[in-house]
1. Do you know which of the residues in region B:425-466 that are over 21 Å from the mean Cα position of the chain (by Cα) and small (Gly, Ala, Ser) is nearest to residue B:552 (Cα to Cα)?
2. So, in region A:43-73, how many residues would count as being touching a Lys or Arg at 6+ places or on another chain (Cβ under 9 Å) and of a type in the set (D, E, K, R)?
3. Considering only region A:383-425, state which residues are part of a loop (DSSP other than H, G, I, E, B), within 14 Å of chain C (Cβ to nearest Cβ) and among the basic types (Lys, Arg).
4. Search region B:489-519 for residues being of a type in the set (Val, Ile, Thr) and in contact (Cβ under 8 Å) with a residue 40 or more places away in the chain, and hand back the single one that is farthest from residue B:85 (Cα to Cα).
5. Please verify whether residue B:665 is in contact with a Pro (Cβ under 7 Å, 6 or more places away or on another chain), crowded, with 24+ Cβ neighbours inside 10 Å and under 27 Å from residue A:77 (Cβ atoms), treating the condition exactly as stated.
6. How about region A:350-382: which of its residues are in contact (Cβ under 8 Å) with a residue 12 or more places away in the chain and in a loop (DSSP other than H, G, I, E, B)?
7. Restricting to region A:426-473, name every residue that is of a type in the set (Gly, Ala, Ser), closer than 25 Å to residue A:185 by Cβ and either part of a helix (DSSP H, G or I) or within 10 Å of chain B (Cβ to nearest Cβ) (or both).
8. With B:464, B:460 as the choices, which residue is out of contact with any helix residue (DSSP H, G or I) (no Cβ under 7 Å at 6 or more places or on another chain) and at pLDDT 95 or above?
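The values are calculated or read from the model by the stated rules, or taken from the named source; none is laboratory data. None of the values given here were measured: they were computed from a predicted structure. Neighbour counts are summed over all protein chains in view; Cβ atoms, including those assigned to glycine, are modelled from backbone coordinates with ideal geometry.
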Amino acid sequence: MAGVEGRPLRVALVGSGPAGMYAAGHLLEGPAGTYADGRLVDLVDRPVEVDVFDRLPTPWGLVRGGVAPDHPDKKLVAKIFEATAARPGFRFFGNVEVGREIRHGDLTEWYDAVIYAVGAAGDRRLGIPGEDLRGCWSAREFVAWYNGHPDFSHLPFDLSCERAVIVGNGNVALDVARVLALDVDALRTTDVADHALEALGASAIREIVILGRRDPSHAAFNNPELDELADLPTADVIVDPADLPGEHQLALAAADWTALRKIQTLGRIAGRTPVGRSRRIVLRFFTSPIGLVGSNRIESVLVARTELDRGPDGRLVVRATDDKTVIHAGLAFRAVGYSGAAIPGLPFDEGRGVMPNSDGRVIQRDEVLAGTYVAGWIKRGPSGIIGTNKKCARDTVRSLIADADAGRLPTASTLSANVVADLVRARQPAVVTFAGWKAIDRHERDAGKVAGRPRVKQTSIQRMVELAQGGMR
Amino acid sequence: MDQPSAAIEPVEKRLFCGICEASCGLVATVAGDEVVKLRPDPDHPNSRGFACSKGISFPDVRRDPDRILHPLRRQPDGSFTPVSWQEALDDIGSRLRGVIDGHGRESFGVYGGNPLVWNYAAFLTAFGMAAALGTKHFFSSSSTDVNNYFAVGELLYGHNMSNPVPDLARTDFFLCLGANPVVSHGSMMNVGRVRETMLEITQRDGRVVVVDPRRTETAELFEHVPIYPSGDVWLLAAMLKVILDEGRYDRAALVEMTRGHETLTALVSGVDLERAARETGIAIERIIDLARDFAAAPSAVVYGRCGASLGPFATLTKYLIDVLNIATGNLDRPGGWCFGRPWLPLEKITALLKVNGYDRWRTRVDGIPELLGTSPLISLPREIRTPGKGQLRALLVVSGNPVLASPASGEIESAIQELDLLVSIDPYINDTSRHAHYVLPPTLWLERDGLPIYTQAWAAVPYAQWVPATVPAPGDVRDDWWILDEICKRIGIVPSPAPGAQLLGRLGIRFKPPLVFDLMLRLGPEGDLFGLRRGGLSRRKLMANTGGVKLADGLPTGVRHKAVHHKDHRVHLDHPVIASEMRRLIAGPERDDPEYPLRLFSVRELRSHNSWLQNVPKLMAGDRVQRLLIHPDDAQELGIDDGDEVEIASRHGRITAPARVTDEVMRGSVGLPHGWGHRGGWRRAVAAGGSIYNLLTTNAPAEVDVPTGNAVLNGVAVRVRPVERIQRY
Amino acid sequence: MSYVIAAPCVADYSCVEVCPVDCISPGPDEPGFDNAEQLYINPAECIGCRACVEACPVDAIFAIDRIPDRYARYRKINADYFQAHGRR
């Protein structure tokens, strides 16, 4: 406990998405302790103060900006974050960005420790010709757009074509497909952004083709999402039975239970006769895009049939064959994975899209950067679901507390909570506190009540700041 | 969980859970001196493989680092220091003798908390102690719980403990008032797998109607009728009036089974249905329909628990519950209101010893009628603070925490600090025991022999069970009854109400509780009569069948003659105290307090039991925060948002809690769990925070259940407003 | 009577923390957690205590006898998970 005797441990958390909020929850440990190795243990044995920074005025990261609007139950997880925010020692500084109003060096000076839980702000590219044609988007942009993210609300998605192609078949691809295929009336009772509701209402898209390079047992989507797609009332879901493996192939592939569950569901879908619903979602496997084609904007996607092989190291290798076809489409999304973005003044592994780290301790030039930690996607890459970040954040907090116990934190320059609040406000007069967020939240929910929706999202940062500053009690 | 050493072969032992009335059968895996695993016993006759997280997690209480394992003496600075039993008991004895010599036995009192009734030996000894002392200062947590049951049992059936239970296994219509069996697992009834048993009623085309201010975990499974907290008495009175006025009662049953039924029409004649609708928030048509449907059902039973027991007219409410069952011909018949099948003749023996009774004397200061030899908890502070003969000067608290559990708890907390001597028998330094001069550590139910004394007569599937200690007691803890008896020895009494016991005691003869209960068992209705009855029960036989011995498939019927203690074996319905309560109800003002417009009720929590399990990590994990449940419309009117800190104020006190805005509560009512806001040496419970519910409640005799002094914890008039949470920015 | 975890599950494992009989998998320190699509309740070990229901932040847990039609298949999915992982 060297260096922090007689005062709380002071931690800055950058990013208020699931990883950040779970980290805050573990730092501000509840009376029951922390679950680890099958039991509840008291992980944090000292008072802690946590300041959570977010570049947006609104908290909860992808729970607000990523989870699809027709998944309101998943958004309920914010209850957990709200409970954390209600604990003594928690503060929120929204609309403050590292690299904009404050620098990493400020945080290390002001706090005993800093945890970056900034997620993955970029996405992977396909690396094929035509990727920058108009009408080709990243799925991440579309998701942020329909969820009302202020930085993406202006994007001009043109939904006037009949067919859209989604490259990649992870959960994000399925979210995009579902949002495009849902009856817009079903979205009217959700918190989808107003501009998206308007555009989707006028959408001409009738078919969504989802491309997977590999076989169905390696499909990137999760089973619950596939189950949901299969039950979609507004779309016929099409799976080519020929793409599905026989029992023999399955045994060869040593498919695990999760993969088998996918194959079973896909088999169920493939066995159904389309009933002429207003939209179609085509799940294609063994299909890789070769190029996006169009003169001014995208007109079609050139795809090749693939073959799977085991490489010498036993890894699966996907090889495009000469069996090529053209899919006419006026809209294409790449959904082949998010990727982290570098933060000025901090190391970054471009290849993996993460901050190099060991058990959450950031590593710079083979050395631990004292007092600097990562959690969530910036730590381990964009994998897993919301709760995966809880364990990830716990392990980072465990490292942090161990370092605090061992006196490894740079505590000499740490400032008190009041001083930091003044400094933050000086740097960003439009800082949004938790009370400010509650005012935005209340305003959005009140507007939703009138409209019969959970909330009507604000998409302008300026308006959010006004609401936060006007509504704080 | 600690790993047992490899040398110890784990063994399985059967027992039952000693936390709540469900008394679920359990199987313990024991390695050495430790319970390494507890699971429900699938073969238990009544609980049939159910148990809840509280019981399963109980080994964590046993090895809780905050549990006290040695007698403690409080130091002048408020800290505690361990002392030997000899030292503690001798000093307690001499200080008690000083109090008794100076002020008489009446100046010494005993308070028994709820866990006492899962502790037959301590229960017997505590009752015996109070009887031997002849003190009126015998307080029980039942006066914040079920005194209305005990009063109505005595009035109607001739014994406090006489408690007909709903025959859920066979009923066609279950009307459930202010109870949440899916979460509580049943109280004042003992129905194994109660959730499934209720669902089976609807599966056989019967009805379950849940009347509650909140859409509880039970209500959401069945028909829910929202009602204002403490409106139950009006609903029941109105239903009875409809049934009597419309001639929908079972006249033959009334004539055959009761005395005084002709007074019922007059009793409810003043009940105005329109007012009942206003007092309950239930439309007249709905009340009438409920009454008609209830009367018309082939079998029907109404039952009420905390919501119906802890309002301002609790005794009248309980009386009306019984009368509705009786008047519709549902007493003592399949699917109705049934007497159980006791295997310990406790009612008979206590009746012989004149332990039971009502209003044989009145309390010294408040003049509240005695009940089962006890005084109500609401009187405790005034008994301590009012000078005169019989002033309470020394108190022994057995497994209780009145500072949290008793109405107007602030007053109790300061009053007990004025006592000459306060001794607490408790595994924790809790909110009350932290003020005690001595805290004495008892064994817990895994560490002592046990039988379900409280519910033995009520099990839906009657069974007998008596189990030995599952594991040895740690440290220097002792059985409660031993501690009580040692204190009795030091003040020269034998803890027994039996005539001659004191004389035998002087000759050095004291009967231990296991022997007393074995005698009762063997001479009782299922006993072996010392060999005269083949296949009969004895302690030895039960100890050889620790999983419990099933006595019948279901509740008995047609046993009124045996079960009713009145000499004429009829249910007595005409009582001045009831008539007077009905007059008071009707004459009283309508609920309308513009200053305190909301009605507060207590919410039962799944992983909590009264006030004593908040130090168990497993039970505190998850989002365990005490929150005030408030309807969205009320919240909006008051400018309260979900998560806001609010102040809840009654005429008696004010506390704070974060709000949870939810339409599961009825408009005009707010719900709050009780048992929060701990202080003392149980660190996790203290860290859990929260506020003391009972700072809002009253101990004024005129404002509680007047006939019994039973506390009013529901329907408390409150006002709620948002408060600033102090936050540094 | 056991409980069943359905599609809304986000693997927040509050249920694992409160389960008194450790019948929910995969827990955070079990193999497979990092790739888990959801968590599962072992019907052979669940005692029906309901603690997980109130702990679940996303209302993903249902009594097996009250499961909404749209999640009916999760009865089998929960059981199958343990069968496939040799835990029954």
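1. B:464
2. 5
3. Within region A:383-425, none qualify.
4. We begin by selecting, within region B:489-519, every residue of a type in the set (Val, Ile, Thr); these are B:491, B:493-494, B:509, B:516.
Subsequent filtering for residues that are in contact (Cβ under 8 Å) with a residue 40 or more places away in the chain retains B:491, B:493-494, B:516.
Numbers: B:491: 16, B:493: 19, B:494: 20, B:516: 26 Å.
Residue satisfying both the conditions and the ranking: B:516.
5. So residue B:665 passes the test.
6. A:352, A:353, A:355, A:359, A:360, A:365, A:375, A:376, A:381, A:382
7. A:447, A:448, A:451
8. Every option except B:460 fails the conditions.
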